[in-house]
Amino acid sequence: MDSISPALVIAFIVILYLIGSIKILAEYERAVIFRLGKLLPQPKGPGVILVFAPLDRIVRVSLRTVVMDVPPQDVITRDNVSVKVNAVVYFRVMDPRRAIVEVESYQYATSQLAQTTLRSVLGQVELDDLLSERERLNQQLQLQLDQHTDPWGIKVSSVEVKHVDLPPDMQRAMARQAEAEREKRAKIVHAAGELEASQKLAKQYDQYRPFPDLALNGQQVLSENIADLAGLSAAYDARRLSLGERRAILRICPTAAVGCGRDVAQPGSAPEWGSGGRGFKSRRPDSPSRFARGKFGPP
């Protein structure tokens with residue numbers, strides 16, 4: 001049996017070495033190579049590259065956006081309220097060489113920096129601002145993180161506060177405050193509705209006022225609202241109704257004196273308009289009215 005040629009053996013070893021030196025990098029990967037301990041000027045990839053071990057040492061770096069969850073942090077706000085806040089950070093490597101050389105582990109360093117920045121920024125605002133101004137706080141967190149990670153070749157694209165965990169007693173206090181605010185708005189709306197209704201009723205009454213004998217619609221309006229004569233008596237006193245208006249009211253509701261004047265009519269007595277515009281007052285049955293005495297003529 002013939003002996004194997006040494007040249008053939010060397011060639012076979014060289015071919016195996018070259019095959020082992022071939023590395024394939026994906027589109028989103030870059031290779032930072034240290035040759036004899038020195039960093040090469042440019043990262044390699046993507047595609048097929050050659051790494052000559054043991055002279056070269058390769059470090060793969062992904063250029064995709066990393067989504068990092070910041071664990072819940074105990075934060076004391078400016079108004080001394082203790083809350084738990086967690087967030088999420090979106091960042092990516094822009095310079096693979098600095099991400100490997102400038103910091104030992106860029107992912108761990110970014111995570112720790114995000115936690116400390118979250119406590120620092122949110123501790124300077126009040127609880128109401130923390131709950132209502134999320135967008136402004138997110139931008140402030142993103143700017144501070146991006147400023148600190150820029151020397152590492154890291155770009156922080158976004159920071160979002162996910163959840164604010166309030167103490168139970170604070171949740172109950174906020175619920176009571178919201179309920180009181182809703183009741184306040186309901187009372188304001190109800191009062192505004194009553195004011196508008198009274199203004200429209202007075203406007204409609206003024207339209208029929210020049211025609212007391214022909215104002216059938218005005219009499220109907222007064223009839224429908226006669227149950228609230230106690231509230232309308234002040235308007236009657238202020239307007240000092242004319243004789244025709246008084247006759248119209250008496251014809252519509254003979255018992256209008258009840259609740260409208262200062263004296264309540266006795267059973268069997270007829271209402272009569274009081275002197276001085278002070279409302280109706282009762283008179284005795286045997287006392288003739290002014291209409292019966294012919295002072296103003298029959299009603």
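For the stretch 137-156, what are the residues that are loosely packed, with under 12 Cβ neighbours inside 10 Å and in contact with a helix residue (DSSP H, G or I) (Cβ under 8 Å, 6 or more places away or on another chain)? Within the stretch 137-156, just 151 meets the criteria. Just checking, which of 81, 75 is among the β-branched types (Val, Ile, Thr), out of contact with any Lys or Arg (no Cβ under 8 Å at 6 or more places or on another chain), touching a residue at least 40 places away in the same chain (Cβ under 8 Å) and over 13 Å from residue 23 (Cβ atoms)? Residue meeting the stated conditions: 81. Against the criterion of being in contact (Cβ under 8 Å) with a residue 12 or more places away in the chain and assigned to a helix (DSSP H, G or I), residue 124 does not qualify. Listed by position, the strands (runs of 3 or more DSSP E) inside the stretch 4-113 whose residues that are of a type in the set (Asp, Glu) and touching a Ser or Thr at 6+ places or on another chain (Cβ under 8 Å) number at least 1 are 29-35, 66-76. Condition test on residue 60, is it under 22 Å from residue 93 (Cα atoms), charged (D, E, K, R), surrounded by 11 or more Cβ atoms within 10 Å (Cβ to Cβ) and out of contact with any Pro (no Cβ under 7 Å at 6 or more places or on another chain)? Considered against the rule, which asks whether it is under 22 Å from residue 93 (Cα atoms), charged (D, E, K, R), surrounded by 11 or more Cβ atoms within 10 Å (Cβ to Cβ) and out of contact with any Pro (no Cβ under 7 Å at 6 or more places or on another chain), residue 60 comes out as yes. Among the residues of this structure, residue 25 does not count as one that is exposed (fewer than 15 other Cβ atoms within 10 Å of the Cβ) and either of a type in the set (Lys, Arg) or modelled with pLDDT of 90 or more (or both).
Checking each residue in the stretch 120-129 for being crowded, with 16+ Cβ neighbours inside 10 Å, modelled with pLDDT of 90 or more and of a type outside the set (Val, Ile, Thr) picks out only 122.
The values are calculated or read from the model by the stated rules, or taken from the named source; none is laboratory data. Here the structure is a predicted model, which is why all the values come from computation and not from measurement. FYI the Cβ positions are ideal-geometry reconstructions off the backbone, even for glycines, and counts take in every protein chain you see.
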